[in-house]
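As structure tokens, the structure follows; a few thoughts come after it.
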Amino acid sequence: MMLVGLTGSIGMGKTATAKLFAELGVPVYDADAAVHELYDKDPGAAEAIGAAFPGAIKGGVVDRAALSKIVTDDPEAFKVLEGIIHPLVAKKQQDWLAARRAEGTDLVVLDIPLLYETGGEARVDKVVVVSAPVELQRGRVLEREGMTEEKLAAILARQVPDEEKCKRADYIVETSGGLDNAREQVRAVIRDLRRKIPS
């Protein structure tokens, strides 16, 4: 089974691109969704996060807005959070991959926002980076509720720059040309990946 890592900086269109892979028949594992599920439904995760960040728990579950306030401007706090969450997400991912293998799936996409930042490229066979011009990226991100210039700067400071990601990628999906254009790029990537799967 070929493992393809899908990544891209904030506002590049990675989520929409992941949906295109799924729409075109490739199973997609969503690391962000796994984190949200842990925050909302995993008492063990809430307990561990609550022990590290008491102000981040409301009603027994993680309050994402409160947690975001605590860690956004504090790199050390962010590292502590990653230390709690990453092993739990890795376990979920392994279970998902085992299920896909059991189904005989030949190609899967792992949607991992911080793929390069966490050394994730070593655990996949190919990497697809989603990219867009910086003005378009900024416009998309600043439209999000609660987003500010400062918050965006803090997020980008933690991410490998887009230019560097693109240099290291096996494939690039450029999202400035709209959804239909991106779909055709994804279709071409899938075709090429399938050609490279060892028989």
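The values are calculated or read from the model by the stated rules, or taken from the named source; none is laboratory data. Computed from a predicted model, the values in this text were never measured in an experiment. Positions of Cβ are generated from backbone atoms using ideal geometry, with glycine treated the same way; all protein chains shown enter the neighbour counts.
So here's what we get for this one:
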quantity: Checking residue 113 against (1) in contact (Cβ under 8 Å) with a residue 24 or more places away in the chain; (2) not assigned by TED's automatic domain parsing to the domain that holds residue 8, the condition it does not meet; calculated: (2)
quantity: Among residues of segment 152-199, those that are closer than 23 Å to residue 117 by Cβ and touching a helix residue (DSSP H, G or I) at 6+ places or on another chain (Cβ under 6 Å), counted; calculated: 6
quantity: Residue ID - surrounded by the fewest Cβ atoms within 10 Å (Cβ to Cβ), chosen from residues in segment 158-192 that are over 15 Å from residue 131 (Cβ atoms) and free of Cβ contacts under 8 Å to residues at least 60 places away in the same chain; calculated: 180
quantity: Selection count, segment 132-169, where residues are over 13 Å from residue 68 (Cβ atoms), assigned to a helix (DSSP H, G or I) and of a type in the set (Asp, Glu); calculated: 5
quantity: Subset of segment 137-154 [surrounded by 15 or more Cβ atoms within 10 Å (Cβ to Cβ) and touching a residue at least 12 places away in the same chain (Cβ under 8 Å)]; calculated: 137, 138, 140, 141, 151, 152, 154
quantity: Test: residue 90 is farther than 30 Å from residue 142 by Cβ, of a type in the set (A, V, I, L, M) and surrounded by fewer than 19 Cβ atoms within 10 Å (Cβ to Cβ); calculated: yes
quantity: Residue that is assigned to a helix (DSSP H, G or I) and either modelled with pLDDT of 90 or more or surrounded by 14 or more Cβ atoms within 10 Å (Cβ to Cβ) (or both), where the choices are 29, 39; calculated: 39
quantity: Residue in segment 145-158 that is under 24 Å from residue 20 (Cα atoms) and under 18 Å from the mean Cα position of the chain (by Cα) present; calculated: no
